[in-house]
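What follows is a single structure, written as structure tokens, with notes after it.
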Amino acid sequence: MTQDSSATPPQKTETTPPQSSADYEQLKTLYLKIRRLKETVAANKISFYRPHAKQRDFHAAELSDIRVVLGGNRSGKTTCGAVEAVAHALGERPWLPESDPHRLVRLPSGDPIPVPNIGRIVADTLETNIVQTINPKIMEWAPAGAITNIQKNPRGVPIRYDFANGSVIYVMSYDQDVDSFEGTNGHWFWCDEPPPQRIFNGLRRGLIDYGGHCWLTMTPLSEPWTNQVLVSKANGPDGRIWMRRMSVWDNAVSRGGHLPDKTIHSVLADLPADERASREEGRALHLAGLVFPEWQPEPPFWVPHETPSRHWPRVCLIDPHPRKPIAVLWLAVTPDNQVRAYRELFDPEMRTVAQVAHAIHQAEGWHYAGEKRHWATQKLVPIWRRTAATEPVVLYVIDTSANEHEKTSGETVAEQFQQYGINCVDAYKRNREAGINAIHQALALKYEWSLPGLVVHDNCPTVKENFLNYVWDRWGSSRQQGLKGEKQTVVKANDDFIDCIRYFFQMRLTYSMLRPMASSLGQEDSSGGRHHRTAQRSGETPEEQWEGLVRPELHPGGRGLHGALGSVLGGRRGGQRDSLPRRYLRRP
């Protein structure tokens, strides 16, 4: 009887050995080559460093005084910071070809960094950040034999690396005494994560002797000053501060990185919205609640400066403060009602109204015609006269806080500006939310190719800083945040020029409203008197006409000061309807 072969149980097979000793030797040789290659890479890993695009930009920006990398967690920011530190100690970037202009490490002056040199690495804490992050990175990227000695403190934490070429890297932390950062001279330093401002300033002073530079790699979860002092001033025409943002997605496998996309999605999905923006894209946590997130320091919101057309009427807005510089902003209005912020004045050296008034007249092109004694205060005040070259500023608006009497002189700031020839109307500042909403509407882009209703020229850096730091207030703790919801007030900081812009929009000023005022501008002296091109009004003596120009609220026709603006200051007169809403009327 023939046995069915299909019923035969499967036999257990073993791995087939190489068919010949030659195959075995070939595999063994290949294995040894791979192992030697791995050992070579491990011994000199920096030569095989392959940075992604934003990391390459970071290394190439060596001529900047300060480099800032804002990155989400695991975006590669610490890696490029550590590699740059090792390269500085070596004096070159071994992963670049000999012919590459960035192969030699250079100081901001353009000179190659001397070897040996002195550098510092500063992180949050010694026991945690240095031991767990910085030291492994330095040892990973330093070539074998490059570090000849590692000095450690009594707790076994590395505090100094000595290189074979004589370079030295000191390691410090933010929990050390601030005084220990004073007088620490060196060629460079690297801050991993945001440093306290006093520590950063002390380290910066230590670079003066050698003309050194520094870089910061951080996820901005703390130290808001970094955004105000560094980020908001970065990438300017002077090239002093360079900044890039690195997203965790820059290091994703799908983009040639090392992090699995699925893992990134999983981690980010569980984070609150404001914290996610910081950990994913490196956006400052304290700025997650930006009031105007749509405004960006790039076209079409932030544009190169060009002198506005003389046919565009202009408004000057003033926001005085007792302890801060007086903020002055000039806005021009185009025929299609686009508002352009084309000049700012925010000088800490100008501490008096007289200085600011003088600067305003000079900026607007007034002609200085000597001095005279003011009729009310008997002070000597300068005489400024309008010329053909004077800017068509038709309206001066000032914060209502300028109407408070000073304890020493008994005068108000508004009265002092008037003495120096700048007659202001009160800003309409009630209902802040309405003003904020009006700015949102001006910044809205209906289509991708549309232009916003508010544009800032790039010669207004403080306006830019205000937009980038004007945020909603937050509750003191996450518990309060959860119980009460989002706070509905803004932080009273970085708001000087935002307030000026808000005043403009809350007054609902338009081109058609302001243009007639520009047409009627005449010559003006320091006392506010204006010599109109039109003939003297019938039935008036020169004294009566002058009084009506200076104080239009006393003039029966309601005209004066800025022509059509007389109705603003004097209210409804002679059966004529006000050209501006009555809420702006200044009462006699």
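Read-outs: derived from the displayed coordinates by stated rules, not from any lab. Just so it is clear, the model here is predicted, and its values are computed rather than measured. Note that we place each Cβ from the backbone using ideal geometry, even for glycine, and neighbour counts take in every protein chain shown.
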Provide Rg and Dmax in Å for the stretch 46-285, with only Cα atoms included in the calculation.
-> 17.2, 49
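Which whole-number value in Å³ per residue fits the convex hull of the alpha carbons of the stretch 353-459?
Working: hull volume 15.9 nm³, N = 107.
With only Cα atoms used, the stretch 353-459 gives 149 Å³ per residue.
Using 0.36 nm per residue of separation minus the Cα-Cα distance, give me the extension gain between Glu306 and Ala354 in nm, one decimal.
On the way: separation 48, 0.36 × 48 = 17.28 nm, distance 2.83 nm.
So the extension gain works out to 14.5 nm.
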Taking R0 as 25 Å, what's the FRET efficiency between His440 and Lys492 from their Cβ-Cβ distance, rounded to 0.05?
-> 0.80
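What is the calculated FRET efficiency for Arg323 to Gln176, with r their C-beta to C-beta distance and R₀ = 35 Å, to the nearest 0.05? Intermediate values should be presented prior to the final figure.
Numbers: r = 32 Å, r/R0 = 0.92.
Given R0 = 35 Å and the Cβ-Cβ separation, E is 0.60.
I'd like the per residue volume of the convex hull spanned by the Cα atoms of the stretch 26-177, given in cubic angstrom. Display every interim value, and only then the final one.
Details: hull volume 24.0 nm³, N = 152.
Spread over its residues, the Cα hull of the stretch 26-177 gives 158 Å³ apiece.
Using the count of nearby Cβ atoms within 10 Å as a rough guide to exposure, how do Leu380, Leu63, Leu454 rank from fewest to most? Walk me through the numbers before you get to the answer.
Values: Leu380 10, Leu63 15, Leu454 24.
Ascending Cβ contact count within 10 Å gives the list Leu380, Leu63, Leu454.
So which GluC sites (Glu not before Pro) in the stretch 305-408 are both in a DSSP loop and have at most 15 other Cβ atoms within 10 Å of their Cβ?
Numbers: sites: Glu306, Glu344, Glu349, Glu364, Glu371, Glu404, Glu406; in loops: Glu306, Glu349, Glu404, Glu406.
Listed in order of number, the matching sites are Glu306, Glu349, Glu404, Glu406.
Identify the trypsin sites (Lys or Arg not before Pro) of the stretch 361-446 meeting these criteria: DSSP loop state and at most 10 other C-beta atoms within 10 Å of the C-beta. Walk me through the numbers on the way to the answer.
On the way: sites: Lys372, Arg373, Lys379, Arg385, Arg386, Lys407, Lys429, Arg430, Arg432, Lys446; in loops: Lys379, Arg386, Lys407, Lys429, Arg430, Lys446.
Those satisfying the criteria are Lys407, Arg430, Lys446.
State the extension gain, in nm to one decimal, for the chain segment bounded by Arg508 and Leu30, taking 0.36 nm per residue of separation less the distance between their alpha-carbons.
Numbers: separation 478, 0.36 × 478 = 172.08 nm, distance 7.88 nm.
Using 0.36 nm per residue and subtracting the Cα-Cα distance, I get 164.2 nm.
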The stretch 389-427 scanned against label point 7 Å out from Lys372 along Cα→C-beta; backbone N under 12 Å for 421
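Dividing the convex hull volume of the alpha carbon atoms of the stretch 289-520 by its residue count, what do you get in Å³ per residue?
Working: hull volume 34.4 nm³, N = 232.
Convex hull volume per residue, Cα atoms: 148 Å³.
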